[in-house]
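The values are calculated or read from the model by the stated rules, or taken from the named source; none is laboratory data. Please read all numbers here as calculations on a predicted model, not as lab measurements. Don't worry about glycine lacking a Cβ; one is built from the backbone with ideal geometry, like all the others, and counts go over all protein chains shown.
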Amino acid sequence: MSSLPKTMKAVLIEKTGGTEVLEYKTDFPMPELKEGEVLVKNEFIGINYIDTYFRTGLYPLPHTPYILGREGSGTIAAVGPNAPFDLKVGTRVVYMGSYAYAEYTPVASKYTIPIPDSIPTKIAAASCLQALTALTLIREAHKVEKGDWVLVTAAAGGVGLWLCQLLKAIGARTIATASTPEKRDLAKQNGAEVLLEYHEGDQETFVKKVKEITGGEGVAAVFDSVGKSTFDASLGVVARKGTMVSFGNASGPVTGFALGRLAANNVKLVRPTLFNYIYTREEFQQYAAELWNFIEKDKLNVQIHDVYALHDIVRATEDIEGRKTTGKLLLQP
């Protein structure tokens, strides 16, 4: 650690609120490594909608000041005690954890893995959290089979585009919703078979259309990241014994739900998080290996919206919150 700088660039918040609480610092103290951690010199940092949940207070902050960000890629700059043998100084890695909006990030080795030579560092950062979310959703939240009809909301977003591509790769049939014709076209380019408008003000029309498309049965699963505004319509199109997978709150959290509503079609309701599917390093490695294989074998399109300088964090955040983006947003320190 002696050859490392004493301070670094970072984006932090000292209280919750709007984008005005985002503070860019150039003299934040370097982190100290704990047992089993590695220090990653970030080359690319992923921006995710969950970052806005922490900033606004929807998810509680563990402490203040708090550095936002949940994933990144770069090279290992230092290794703490008892880190795994495959994590050495100079190793190119991708990770998931906390405190990513910074020049250097201390990461639990459990959530840090080497990047294969065939995968660029930028692609690894752009695909880790969102692609693994999509992959675990279709493997575990609801195991999608070839030929299944599936509904994906916000299909042109980061996870949405991955869902469209992965579902096509395994032979499922995807109905995609997105807010504009351009976004729906992008979902189609990434594997969606049928494109629909949200019809937020006319949910009956939406439900009717999905039932018509699926021969009156509805879909085997809905993967919904929008939350409050799409939940009721999404639930209404789930087939008998199907699954309603709610994994995001872009329009606000779902509240006041009556469990009895699931009985009409014996629907399963799931509220998963990625980290409970990759709780062990072995699970993380297994799913990452499957993802790299999909990217290479099926030539998946890793859609990157833009790469922003770390000091441009306010503009990047406003872009993702304003639904102006498609695919992945990255930061560079």
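Some notes on this structure:
To keep it simple, each residue is scored yes or no on (1) among the β-branched types (Val, Ile, Thr); (2) surrounded by 15 or more Cβ atoms within 10 Å (Cβ to Cβ); (3) under 18 Å from Ser179 (Cα atoms).
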{"site": "Tyr198", "(1), (2), (3)": "no, yes, yes"}
{"site": "Gly216", "(1), (2), (3)": "no, no, no"}
{"site": "Gly227", "(1), (2), (3)": "no, yes, yes"}
{"site": "Phe247", "(1), (2), (3)": "no, yes, no"}
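- Residue satisfying all of: in the range 38-65; among the charged types (D, E, K, R) and under 25 Å from Arg323 (Cα atoms); surrounded by the fewest Cβ atoms within 10 Å (Cβ to Cβ) among these: Arg55
- Within the range 201-215, tally of residues that are closer than 11 Å to Val237 by Cα and acidic (Asp, Glu): 2
- Restricting attention to the range 7-37, the residues that are of a type outside the set (Phe, Trp, Tyr) and either in contact with a Lys or Arg (Cβ under 9 Å, 6 or more places away or on another chain) or not assigned by TED's automatic domain parsing to the domain that holds Pro84 (or both) add up to 19.
- Positions within the range 255-309 being closer than 16 Å to Ala126 by Cβ and either assigned to a helix (DSSP H, G or I) or among the hydroxyl-bearing types (Ser, Thr, Tyr) (or both), in sequence order: Leu274, Ala288, Leu291, Trp292, Phe294, Ile295, Glu296, Tyr308
- Any hit, the range 214-225, residues being closer than 22 Å to Tyr49 by Cα, among the acidic types (Asp, Glu) and assigned to a helix (DSSP H, G or I): no
- Among residues of the range 119-136 that are at pLDDT below 95, none has a beta-carbon under 8 Å from a residue that is among the polar types (S, T, N, Q) and in a helix (DSSP H, G or I) at least six positions away or on a different chain.
- The strands (runs of 3 or more DSSP E) found wholly in the range 1-102 and carrying at least 1 residues that are of a type outside the set (A, V, I, L, M, F, W, C), under 28 Å from Lys228 (Cα atoms) and within 20 Å of the chain's Cα centre (by Cα) occupy 37-47, 71-79.
- Residues being surrounded by fewer than 18 Cβ atoms within 10 Å (Cβ to Cβ) and at pLDDT 95 or above - total across the range 268-281: 6
- In the range 97-118, the residue that is surrounded by the most Cβ atoms within 10 Å (Cβ to Cβ) out of those that are out of contact with any strand residue (DSSP E or B) (no Cβ under 7 Å at 6 or more places or on another chain) and touching a residue at least 40 places away in the same chain (Cβ under 8 Å) is Lys110.
This table checks each residue for (1) in contact with an Asp or Glu (Cβ under 9 Å, 6 or more places away or on another chain); (2) on the phi > 0 side of the Ramachandran plot; (3) in contact (Cβ under 8 Å) with a residue 60 or more places away in the chain; (4) aliphatic (A, V, I, L, M).
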position	(1), (2), (3), (4)
Thr19	yes, no, yes, no
Val38	no, no, yes, yes
Arg55	no, no, yes, no
Gly80	yes, no, no, no
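- Filtering the range 1-20 to residues that are touching a Leu at 6+ places or on another chain (Cβ under 9 Å) and among the hydrophobic types (A, V, I, L, M, F, W, C) leaves Met1, Leu4, Ala10, Val11, Leu12, Ile13.
- Test for Val152: is it of a type in the set (A, V, I, L, M), modelled with pLDDT of 95 or more and more than 27 Å from Leu129 (Cβ to Cβ): no
- Some residue of the range 115-122 being part of a loop (DSSP other than H, G, I, E, B), closer than 25 Å to Ala250 by Cβ and not β-branched (Val, Ile, Thr): no
- Here Thr317 clears all of (1) modelled with pLDDT of 90 or more; (2) under 14 Å from Cys128 (Cα atoms); (3) polar (S, T, N, Q) except the condition numbered (2).
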